[in-house]
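Take a look at the structure below.
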Amino acid sequence: MPKLIVTNGESAAERLRAAGIKGHILPWQDMLHDGPVPPGTDLEEVSDVRADFLSQALGLPFDEVRADFAHRDAQVEVHIAYSQVELWFEHDLFDQLQLIQLLAYFAHEPERMGLSLVQASHYLGIMAPDEMRALEAHRTPVTHLMMETAREAWEAFTAPTPRPLAAFLSRSQVSRVYEVLPHLAPALHRLIAELPAPKSGLSLTEERILRHLQDGPMKVAHLYAAVHSMDEAQFLADLPFFLRLDGLAFAHEPLIFGLPFRSSEAAGLRLSPGDETAERSYRAYASAEIALTPTGAAALKGSFDHACQNAVDRSIGGTHLMPGAMWRFDRTSGSLVLPN
């Protein structure tokens, strides 16, 4: 019987094929760290919400996005047709959220024969073939404890407030999370830092963007590289980074200026090989030079509250941040701050 291999995206899938690792390879492909994620493990319900968000945020046709998710989900839902199912995921936030979604799904499945996990502490999409083959040799069977840990983490991530996530992270210090899923707690710590800070109202990524601009204007591509490199486990791709720039540039009180358009207004940002319109749009955005506004400088000093005064409205998992429900995270004390 054939083997199903589920991994984070096309780059990892290509590396698996180049290494000669046999099986039907399925890229999971969803940036779950951005936008709403509903509770529960029903793949169709999650995909409905995700497709709606991604189509609007990235300027993509909803029907195409939803069809891609339906095709993806269907291949996992027939997992019993495979003798083995291998989950290949790495250490960063992008992958860890995909991993807990899948493990939480399998935790509710009555049959899950031959389920195993390959956990990488490096980026699958850039590994050499011999590195991929070495990883395969270290795959481990998925245990009940792994699935229970992932289920708890998924429930916390999709809860309507960040309290369960903070509680899960607090428990992880004394639980066996680091033994069974060693990259999960660090990834979720990075996620909770994307909540607005108490005084500035900036997420960690937003603060890093503004701090880099303190020394003068930068091109978007150079700024992305600088901010991206600050994470030990780099998770933020270019398009979600562009969404953060949009939120700072097109707010009621802009914190940066210089972007030519919102990234969601140029469907060409979804690069397609040979598509000249897509390439021109991407180049125009990535080569734009952006700078800090006086408001952005004030936010860095804590004298302008971006989340409050610009009425931030966005979701992290199940938590909808909006006026009246503006949860915050104090990165100095490592504690949640309840909405006023």
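The values are calculated or read from the model by the stated rules, or taken from the named source; none is laboratory data. What you see is a predicted model, and the numbers here were worked out from it, not measured in a lab. Every residue, glycine among them, receives a Cβ derived from its backbone with ideal geometry; neighbour counts consider all protein chains shown. We work out accessible area using only protein heavy atoms, side chains counted, and drop any ligands, DNA or RNA first. Shrake-Rupley method; radii C 1.70, N 1.55, O 1.52, S 1.80 Å.
Some notes on this structure:
- All positions within region 278-301 that are in a helix (DSSP H, G or I), buried (at least 16 other Cβ atoms within 10 Å of the Cβ) and either over 26 Å from the mean Cα position of the chain (by Cα) or charged (D, E, K, R) (or both): T295, A298
- Residue that is surrounded by the fewest Cβ atoms within 10 Å (Cβ to Cβ), among those in region 330-340 that are touching a residue at least 60 places away in the same chain (Cβ under 8 Å) and out of contact with any helix residue (DSSP H, G or I) (no Cβ under 9 Å at 6 or more places or on another chain): D330
- For region 306-326, the set of residues classified as in contact with a Pro (Cβ under 8 Å, 6 or more places away or on another chain) and over 18 Å from L93 (Cβ atoms) consists of H306, A307, C308, A311, V312, D313, H320, G324, A325, M326, listed by residue number.
- Pairs, first over 12 Å from I21 (Cβ atoms) and in contact (Cβ under 8 Å) with a residue 60 or more places away in the chain in region 125-147, second of a type in the set (F, W, Y) and not in a loop (DSSP other than H, G, I, E, B), C-beta under 8 Å, six or more apart: none
- Residue within region 180-194 that is free of Cβ contacts under 8 Å to residues at least 12 places away in the same chain and more than 18 Å from the chain's Cα centre (by Cα) present: no
- The lone criterion from (1) surrounded by fewer than 20 Cβ atoms within 10 Å (Cβ to Cβ); (2) farther than 30 Å from L300 by Cα; (3) not β-branched (V, I, T) left unmet by S172 is number (1).
- Region 81-102 residues that are touching a residue at least 60 places away in the same chain (Cβ under 8 Å), paired with ones that are among the aromatic types (F, W, Y) and not in a loop (DSSP other than H, G, I, E, B) (beta carbon under 6 Å, 6 or more apart): D95/F89; L99/F89; I100/W154
- Residues in region 118-141 that are within 26 Å of V78 (Cβ to Cβ) and out of contact with any helix residue (DSSP H, G or I) (no Cβ under 7 Å at 6 or more places or on another chain) were compared, and the one that is surrounded by the fewest Cβ atoms within 10 Å (Cβ to Cβ) is P141.
- Listing of helices (runs of 4 or more DSSP H) fully contained in region 162-243 that carry 1 or more residues being under 21 Å from A325 (Cα atoms) and in contact with a strand residue (DSSP E or B) (Cβ under 7 Å, 6 or more places away or on another chain): 163-172, 184-192
- Flag if I25 is open to solvent by less than 40 Å² (accessible area, probe 1.4 Å), under 16 Å from Y82 (Cβ atoms) and in contact (Cβ under 8 Å) with a residue 24 or more places away in the chain: no
- Looking across region 244-259 at every residue that is small (G, A, S) and in a helix (DSSP H, G or I), the one that is least open to solvent (accessible area, probe 1.4 Å) is identified as A249.
- Cβ pairs under 8 Å, 6+ apart, first in region 36-53 and within 17 Å of S315 (Cα to Cα), second open to solvent by 30 Å² or more (accessible area, probe 1.4 Å) and among the aliphatic types (A, V, I, L, M): P36/V49; V37/V49; P38/V49; S47/A70
- L213 vs. criteria crowded, with 19+ Cβ neighbours inside 10 Å and among the aliphatic types (A, V, I, L, M): yes
- Residues that are outside any loop (DSSP other than H, G, I, E, B) and open to solvent by 40 Å² or more (accessible area, probe 1.4 Å), drawn from region 302-329: C308, Q309, R314, H320, M322
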